[in-house]
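Written out below as structure tokens is the structure these notes cover.
The values are calculated or read from the model by the stated rules, or taken from the named source; none is laboratory data. Predicted, not measured: the structure shown is a model, and the values here were computed from it. Cβ atoms come from the backbone with ideal geometry, glycine included; neighbour counts cover every protein chain shown. When the accessible area is computed, the model is the full protein with side chains, heavy atoms only, and any ligands, DNA or RNA have been set aside. Shrake-Rupley method; radii C 1.70, N 1.55, O 1.52, S 1.80 Å.
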Amino acid sequence: MEKPHKSLLRTEAVEYLYPEQVTLPAGKSSPVTLHFRIQPNLHINSHTPREQYLIPTVFSIPESSGVRLADATYPAGADFTLPADPNEKLLVYSGDFAIETKIVATPGDHLVEAKLRYQACDQNACMPPKTITVPIDVIGK
Amino acid sequence: MTPRPPIPPSSYNRLKRSSPLKRNTIVIGITLLILATFAWAGWANWEYRKQAAERALAAASHAELVPATAGDVSAEASRLTGNPAPDFTLQDLSGASVSLTSFKGKPLLINFWATWCGPCKIETPWLIELQNEYGPKGFQIIGISTEGNDLKPDDKDGWAHDKAAIAKFVKEQRMQYPVLINGDSLVGKYGGLDVMPTSVYVDRNGKVVAVQLGISSKEDMAAHIEKAIASGS
């Protein structure tokens, strides 16, 4: 068996890139694409992993934030195979990825602390599931 | 010496008349060139600083990745090696309390795993085979489910869901060695447990002889088990 090279993570596996601020027509469902970056050598499960036991990536916006998540379209993901089990194909995100959302904002300035829940692994090990805050300043006009 | 021919008056006058204009043009041209050079240098410097700042920001926000090979351990986990395995009492799936001390005198593999962990699922059949192979020598594997869910003690639904998922995994994988739950409560004692699976090899005297983060191979695990069996004999 090939000797693995394993990496241990010291900070967040996923980083929110942008946008920091969006201005939307109030009360109207508007498209907002959110961009994220996964640290090198890591992957996270897609929104629809093939195996039920795997934790999917999910974006959410807390209620009572003045902003509602009307819809979210996730990337399909890419096939990934662990060296120790070449027969099982995982469906994962790696590198940069984007979630296309539709957001409805009430009038006003809302500092939304949206959430992204994911579970990251490298080729030989996994880290516990994590929920990071996705800060977005949503202005409804 | 041949005398220089005189400049024709008309040409001389033209040169004399146009000289200040040309000089001014040249001076203005040079000034503009210098200003342009300064402007370009300033822009280039700003752009360089901007890129450097972006690189620094990117470097700061990136994970600190610690290269490791099979059997290597993080600083937190490595401090376990050579020391007594921290004691614990956890429940098994039937609700019975099980302590590390109940395995006193046996070489052990304490295997921290999670239901959501793909590599753990790959490793489980190896563990079953290794238990069968080394069990007759007194060796024992203890599986400890470590879901990392941060469930609160009063979250009955959460714990019930967690327990059901663990039981399902144990049944599907036909894990016949003892499986305990709530490994998250041992995070402080066992070095963070932020990497699954984590395998802690303990000799019959209760001393940790090796810690392995992630999976490598069944052969590597067998080597660690043999070390645990040989140590303290």
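Listing for the model above:
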quantity	calculated
Sequence of B:TRP126, B:TRP40, B:TRP116 when ordered by accessible area, the most exposed leading, probe 1.4 angstrom	B:TRP40, B:TRP126, B:TRP116
√(5λ) per eigenvalue of the Cα gyration tensor, the stretch B:91-233, largest first, Å	24, 16, 14
For the stretch B:144-179 versus the stretch B:85-104, the gap between their alpha-carbon centres in whole angstrom	15 Å
Contact order normalised by residue count of chain A, Cα under 8 Å, 6+ apart, percent	33 percent
Buried solvent-accessible surface, both chains (A, B), 1.4 Å probe, Å² to nearest 100	2800 Å²
11 Å beta-carbon shell around B:LYS156, net charge (K/R +1, D/E -1)	-2
Shielding by partners - mean other protein chain Cβ count within 10 Å, residues of A:47-57	3
Net +/- balance of residues flanking A:ILE136 in space, Cβ distance below 15 Å, scoring K and R +1, D and E -1	-3
Relative contact order (%) - criterion: Cα under 8 Å, at least six apart; region: the stretch B:99-233	36 percent
Burial ranking of peptide ranges A:38-47, B:151-160, B:88-97 (average Cβ count within 10 Å, highest at the top)	A:38-47, B:88-97, B:151-160
Under 9 Å, Cβ to Cβ, from A:ILE38 - net charge with Lys/Arg +1 and Asp/Glu -1	-1
Average other protein chain Cβ within 10 Å of Cβ, residues B:106-119	4
Computed over chain A, Cα set: Rg, Dmax in Å	16.8, 59
Per-residue ³J(HN,Hα) for the stretch B:155-168, Karplus 6.51 cos²θ - 1.76 cosθ + 1.60, θ = phi - 60°, Hz, x for Gly and Pro	7, 5, 4, x, 5, 5, 5, 4, 5, 5, 5, 5, 4, 4
Longest DSSP-loop-exposure-free segment, GluC sites (Glu not before Pro), chain A, at most 11 other Cβ within 10 Å	A:64-141
Amide proton proximity set for A:VAL22, modelled H, under 5 Å, gap of 5+	A:ASP137, A:VAL138, A:ILE139
Highest-fluctuation residue, A:ALA120, A:ALA84, A:ALA98 considered, GNM on chain A with Cα pairs under 10 Å	A:ALA84
